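Remarks on the structure that follows.
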Amino acid sequence: MTAGKATEKTTLTEAEAQRRREAWERANASVLMEGGTIDAATEAMQARHIAGEITLEDYQDWARTRSYD
């Protein structure tokens with residue numbers, strides 16, 4: 001995501017992947033309860049984090065640079 005930062009896929013345990021999946025489900029539920037939306041690009045980045053392809057920091061960097069226009 002950020003130039004020079006390693007974002008190689010990490011091998012996760014199923015337990016860690018499940019923990020990440022559940023965390024994203026809770027976060028998304030909160031957004032939806034507040035009237036927000038979760039777009040396909042966000043879902044795709046969350047899936048990459050769950051799979052260990054990117055770090056949470058990579059996701060946060062991506063989210064900060066998004067344009068919602």
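The values are calculated or read from the model by the stated rules, or taken from the named source; none is laboratory data. Computed from a predicted structure; not experimentally measured. A quick note on method: Cβ atoms are made from the backbone with ideal geometry, for glycine too, and the neighbour counts reach across all protein chains shown. Please note that ligands, DNA and RNA were not included when accessible areas were found on the heavy atoms of the full protein model with its side chains. Shrake-Rupley method; radii C 1.70, N 1.55, O 1.52, S 1.80 Å.
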Out of all the residues in segment 18-41, which are more than 16 Å from W62 (Cβ to Cβ), over 11 Å from the mean Cα position of the chain (by Cα) and among the charged types (D, E, K, R)? R19, E22, R26, E34
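Of all the residues that make up segment 42-69, how many are part of a helix (DSSP H, G or I) and more than 10 Å from the chain's Cα centre (by Cα)?
Taking segment 42-69 as the starting set, the residues that turn out to be part of a helix (DSSP H, G or I) are 42-51, 56-64.
Filter once more, so that each one left must be more than 10 Å from the chain's Cα centre (by Cα): 61, 64.
Total meeting the criteria: 2.
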Could you pull out the residue among W24, W62 that is in contact with a helix residue (DSSP H, G or I) (Cβ under 8 Å, 6 or more places away or on another chain) and in contact (Cβ under 8 Å) with a residue 60 or more places away in the chain? W62
Can you tell me which of (1) modelled with pLDDT under 95; (2) in contact with a Leu (Cβ under 9 Å, 6 or more places away or on another chain) is the one H49 doesn't meet? (1)
With the structure loaded, tell me whether D39 is open to solvent by 50 Å² or more (accessible area, probe 1.4 Å), among the acidic types (D, E) and without any contact (Cβ under 8 Å) to a residue 60 or more places away in the chain or whether it fails that test. yes
When segment 18-36 is checked residue by residue, the ones that are within 18 Å of R66 (Cα to Cα) and open to solvent by 50 Å² or more (accessible area, probe 1.4 Å) are V31
